[in-house]
Amino acid sequence: MSGPAAAVPPHNHWLTVPGTGAEVQVAPHRCDLGAIVESGFLQFHGNVHLGLPAPSPVVISPEFCP
């Protein structure tokens, strides 16, 4: 994959659950598993930015690896 998703530093993704505000870690856990999940990380990242809008607002926030 090329473009913006490939240029993003490694990070984990957190979903804020509508209605409760709870945060759930989603997508491959890039910080914990390292390069072994790089392909899945980039695929998830591409889908988040290129996918269809959700029926209600969904917030997915990055947590950059140390």
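Structure data summary
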| read-out | value |
| --- | --- |
| Rounded to whole Hz, the Karplus (6.51, -1.76, 1.60) HN-Hα couplings of segment 26-33, x for glycine and proline | 10, 6, x, 7, 4, 5, 7, 9 |
| Phi-based couplings in Hz for segment 9-17 (Karplus 6.51, -1.76, 1.60; Gly and Pro marked x) | x, x, 7, 9, 10, 10, 9, 8, 6 |
| For VAL8, distant residues with modelled amide H under 5 Å away | none |
| Packing-based ranking, highest mean first, of 19-25, 36-42, 58-64 given that Cβ atoms within 10 Å are counted | 36-42, 58-64, 19-25 |
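Where a number appears in this text, it was derived from the coordinates with a stated rule and is not lab data. Not measured: the values here are computed from a predicted model. Counting neighbours? That spans all protein chains shown, and the Cβs are built from the backbone with ideal geometry, glycine included.
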